[in-house]
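Each reported figure results from applying straightforward, stated rules to the coordinates on display, with no laboratory input. The structure presented is a predicted model; accordingly, all values stated were derived computationally and were not measured. Positions of Cβ are generated from backbone atoms using ideal geometry, with glycine treated the same way; all protein chains shown enter the neighbour counts.
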Amino acid sequence: MSERSNLRLLVLAVLVVSLLGTLLARTFYLQVMEGAEYRAAAANNTVREVAEPAVRGIVLDQAGRPLVSNRTTVVVTVDRQVLAQQANDGAAVISRLARILDMPREKIEDRLKTCGSEGAKPPPVCWNGSTYQPVPVASDVDTQTALSIMERRREFPGISAKLEAVREYPAPFNVNAAHILGYLGPVTEEQLEEQGDSEADDRLRRTDVVGRTGLERQYDEVLRGKPGITTLAVDTAGRVTGTLEEKEPKPGDYLVTSIDARLQSVVEQQLLAAVRRAQEQGYRGSSGAAVVVEVDTGRVLAMASYPTYDPSIWIGGVTARQFQALMDDESLSSNAYQGQFAPGSTFKAVSTAAAGVDGFDLYGIYPCPARVKIGSQTFRNYETNAYGPISLTRALEVSCNTVFYDIARRMWQEAGGPEAPIDAPDPIAETATSFGLGAKSGIDLPGEAAGRVASREFKFENWEAKKDTWCRNAEEGYPETRKTDPKMADYYTALDRENCTDGYQWRAGDALNAAIGQGDTTVTPLQMAMVYAAIANGGTLYQPQVAKGIISAEGEVVETFEPVVTRQVDVPRKAVRFLRNSLPGVTTDGSGEVPFAGFPLDRLPVAAKTGSAQVTGDKAATSWFASYAPADDPQYAVVMMVTEGGTGSKTSGPSVRKILESLFGVSGTTVNSRNSVLLGGSPLPDLPKVGPDGIPQTPKGQQAGVADVRAAGSTP
Amino acid sequence: MSGLLTTDPAVRTLTRQKGYWRDLDWVLLLAALTITIFGSMLVWSASRADMASDSDPQSYLKRHVINIVIGIALGWFASRLDYRWLRAYTPIIYGASIVLLMLPFVPGLGTTIAGARAWIDLPGGMTIQPSEFAKVAVILMMAVLLSEKRDIESEPRDRDVLLSLGVAVLPILIILVQNDTGTVLILGSVALSVIAVSGARTRWVIGLITGAIVGVLIAVQLGLLKEYQVQRLTSFINPGEDVSSAAYNANQARIAVGGGGWSGYGLFEGPQTQGKFVPVNESDFIFTVVGEELGFIGSAVLILLMGVILWRAVVIAFRADDMYGRLVATGIVAWLAFQTFENVGMSLGIMPITGIPLPLVSAGGTSMMATWIAVGLLQNVRLHAVRAGV
């Protein structure tokens, strides 16, 4: 054959060899040189984790009554990814869904908008979760509806119905306790970021629901349990090709609180009664709080806040109107541990202790005139009463302001008067701080307020922060106000000029106001309860606690929380003893006498202090009633407060009496601990029993507070 | 089969000389058998994951084995055909294959797979791909035209080159309409190789190479290729950055091959293969199966086996006793070499993604049969040369 043909065949042969050589080289490069990289990519490809959230632990009261439990519900979710692929973004699907669910389509549409996007309603109406996560649009859907949605897949692309465990509030004795229990919400972006690239099984996932407030948030990790993880091998089409690993979910532990449902119910009712009482007197009674703590442990037995809300509205998301209502009446935060109020005369116990610290003769005689004049200012007694020279005990009983004005003025002068250095001694502020005021009590609930102790230091810091505004206002002279009310503008201008030049000065008036719990000092009702508990137990300040222990879903005790001492109050023993001897006089011979008329004080002495704290503007006083009982062997401290509520004695006093009556089983003039709302007359020493089936052993019948507590307590 | 053959008139055309078994190219035969069995294993591994749990996981394998048996029988038949008979009937074979090639356009008969309308539906869920037979027919027809009526030392006349070019271009145009770009590229390479080895003038060869390059460029420029064709053809250049399905496939294929390492995950153990991350891995992407499950060692064995087949085919082409036999063998070399390179290359990310099988390895009955016919034709050429005493 021709040379040309041979040559060309040879060229083809060489070409073939080089082609195969190329393949071999490329294969070697991919598999041997870069193999590890591709192996990692392959591993990523095939494994998908499916997390099934664990059943959340329930919350029990001190006797084992469920305050929060679970039930199953049918939830309908919308997958927006699928919806977006439908004609018109699935408008027809939404219409059909609205019809079958019998709810307005606008409601579904609002729910499907991502929070912060255009036209989205504020949370929790809008969707706070991920774009890829199906949005729950309706819960408690009846089974028939759910089934017909699932059967008509073609008509409802992206819509699914599934069973979900949701929170339930059995509300024994109709307790509310919303601010203690808190509520759940979808996991936030911040929480997800915080945990970084965690690969742990129990890490938070975008679909998770977590505690947002209250105990649900504080003990979220305890209650959450561990999700069940199924590791699947998945192909490109999302088809499962095999199960690699299956881990069962571990249900969340049960949280036992020191709250007693029955007492809590009484306290809530009595707080409401106090508010009504204020309103009957023509005051607004805008908000209030009540706290019952065990003085020897710091455990919170009951804690109520007014206004409150129904915790079950959070299940399945609240409506825009519900949420607006919650925002409008400020019922979302607890006035008991998040509200800060001027303590008024209840603070005099602290001032008395401070007098003891500063070496004042606690058994001396002090003048109680109707008014005292300091410089150009006149400071009056309440209702301008004059009692003449009286003992300090009597001054506490009748709540004589002028006695404490005198003590405060002397302390102030001793420290150096207006020119005293910022760190000059201030026994009242120091004692208040020692009693835990101006700092968070450390209660096991999130978002606690610290309150504030008025002092030279505070005044100076406040001046530094505000002086620029004050000085500018003094310069400008309130031109806006001047147009309508030149007199007021003059007054404001003068005030700001004074504040601008020497607003840092701790003046006599400041010291006097501080001594009677007015001025810049604010406290939470919980802090006040802890102050009176410390006086009651002889000077030990406890860290208040709501949680008493943790029990596993199988009934084993996981942890018990022992009482935590914050500190021994820095007050001489004799001063505390003096207070313990003096305060029972308030209910027998003083400002608390009227509400305790007919109460068997001889058998059950009650130590107390009233307060009617003045607030700026023309609002009515804040009604305070702080107490502990029995005065001779203190067990519980009870504090109640109603803003714009009038006097402590008239508004809060009667309710505190009722609470004490139910605590000790007072009926008329008899005291019988068997009639106490607490089972056995006092808080149970041990944690309640939970059966191996997860059902808590609650008191039977009437004592349980709910019709079928066993069913309510069972976890689905 | 022998009973059937004795009653068939074609039997008389079969060579009956002694020494058939002795003179066979045993290396070629054994290499072809080995790679076929090797391929069956890979097809089994790739297809068992496809089967729903309630159906027979071996059903795909069984069909594959049947195809192999039919293929080997056809190969045996091809090896024994008499040259004269073959040359005489080549125009009929060619004509028949063109008709077959048109059948997918007949409504009710054609099936579109992966965008290519290149399959004919048969009863019982079987499909045949006539373009596979067209490769054989084109080679045979070109060999006839380019070796006819001339001295063995002279170059083919321009008229014959033009005619043989036309023989290749007709099916190429039909297959182009069917969107089977891969087969078009292979047929083009085959035609070019056969014309070159026929001894045609150098300007023909250069002209054809230039023409092919210009043709592809113009096709892309004028948008003659549909967008997805361009995308499929170009996605291999930068698969990491593209999320289109073509690039995704290229990427998944490379992950599968690369993950294999030296010795692979083991048969049936490749996560990419068993998880079906690589599409059509029993056919177009079959190389990803050997790459992932048997690693570089398995891949090298497969490539080397194909190398042995091609080496024997080149030797047969060299030793052919006439131009006809040489051109048939040359066409087959070009076909198997380029198809192998294209198929394996696309799994390795160095060639564009086109839907063509790996000869003797991939599932797909028509390809298996056509390739075994090719092996049979190679043997036929060799036997002819041995007997001629070359």
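Working note: Cα atoms of the range A:70-160, range along each principal axis, descending, whole Å: 38, 35, 23. Listed by chain and number, the lysines placed with their C-alpha closer than 29 angstrom to that of B:Lys135 are B:Lys62, B:Lys149, B:Lys226; residues fewer than eight positions away on the same chain are left out. The HN-Hα couplings worked out from phi for the range A:651-661 by the Karplus form 6.51 cos²θ - 1.76 cosθ + 1.60 (θ = phi - 60°) are 8, 8, x, x, 6, 4, 4, 4, 5, 5, 4 Hz, whole numbers, x standing for Gly and Pro. In a reduced charge model with +1 at each Lys and Arg Cβ and -1 at each Asp and Glu Cβ, the protein assembly as shown shows a dipole moment near 3040 debye about its Cα centre. Ellipticity at 222 nm from helices only: DSSP H runs of n ≥ 4 in chain A, each -39500 (n - 2.57), divided by the residue count, give -10500 deg cm²/dmol. Neighbouring Cβ atoms from other chains, within 10 Å of the Cβ of residues in B:284-295, number 1 on average. The mean count of C-beta atoms from other chains within 10 Å of the C-beta of residues in B:195-201, rounded to a whole number, is 5. When each of the peptides A:10-20, B:284-294 is scored by how many other beta carbons lie within 10 Å of its residues on average, the order from highest to lowest is B:284-294, A:10-20. Across the range A:463-470, coupling constants 3J(HN,Hα) worked out from phi with the 6.51/-1.76/1.60 Karplus curve, θ = phi - 60°, read 5, 4, 6, 10, 4, 4, 5, 4 Hz, and Gly and Pro carry x.
The Cβ shell under 15 Å around A:Arg394 holds other residues with a net charge of -3, Lys and Arg each +1, Asp and Glu each -1. Viscosity 1.567 mPa s, temperature 4 °C: what is the translational diffusion coefficient of the range A:153-219 from Stokes-Einstein with a Kirkwood Rh over Cα pairs, rounded to a whole number of µm²/s? Roughly 88 µm²/s, to the nearest whole number.
Taking a straight Cα-Cα cut-off under 20 Å and skipping sequence neighbours fewer than 8 places away in the same chain, the lysines within cross-link reach of A:Lys619 are A:Lys650. Pairs of Cα atoms in the range A:268-340 fall into 5 Å distance bins, from 0 up to the last occupied one, in shares of 3, 15, 19, 20, 19, 13, 7, 3, 1 percent.
Peptides A:425-436, A:366-377 ranked from most to least packed give A:425-436, A:366-377, packing being the mean of other C-beta atoms within 10 angstrom over each peptide's residues. Using alpha carbons only, how many degrees (0 to 90, rounded to 10) separate the axis of helix A:91-101 from the longest principal axis of chain A? Between helix and principal axis, roughly 60 degrees.
Put +1 on the Cβ of each Lys and Arg and -1 on the Cβ of each Asp and Glu in chain A; which of A:Val141, A:Val14, A:Gly681 then has its Cα farthest toward the positive end of the dipole? Working it through, the farthest residue towards the positive pole turns out to be A:Val141. Only one residue of B:Gln272, B:Ile286, A:Met488 has its Cα farthest out toward the positive end of the dipole of the protein assembly as shown, where Lys and Arg carry +1 and Asp and Glu -1 on Cβ, and that residue is B:Ile286.
In the range A:493-636, Rg over Rh equals 1.10, where Rg is the alpha-carbon radius of gyration and Rh the Kirkwood radius from pairwise Cα distances. The listed peptides A:514-525, B:100-111, ordered by packing as a protection proxy, come out as A:514-525, B:100-111 (highest mean of other Cβ atoms within 10 Å first). Here's the picture: charge each Lys and Arg Cβ at +1 and each Asp and Glu Cβ at -1 in the protein assembly as shown, and of A:Tyr382, A:Tyr405, A:Ala278 the one pushed furthest to the positive end of that dipole is A:Ala278.
Extending 7 Å from the Cα toward the beta-carbon at both A:Thr114 and A:Asp329 defines two label points whose distance is 3.5 nm. Plainly put, the range A:105-203 has a radius of gyration that is 1.02 times its Kirkwood radius, both from alpha-carbon atoms, as the Rg/Rh ratio.
Projected onto its three principal axes, the C-alpha set of the range A:602-710 covers 58, 35, 23 Å, listed from the longest axis down. From the P(r) of chain A, can you give the percent of Cα pairs sitting at distances over 33 Å? Of all Cα-Cα pairs in chain A, 60 percent lie more than 33 Å apart.
Residues in the range A:296-306 carry Karplus couplings, in order, of 8, 10, x, 6, 8, 8, 7, 7, 10, 9, 10 Hz; the curve used is 6.51 cos²θ - 1.76 cosθ + 1.60 with θ = phi - 60°, and Gly or Pro positions show x.
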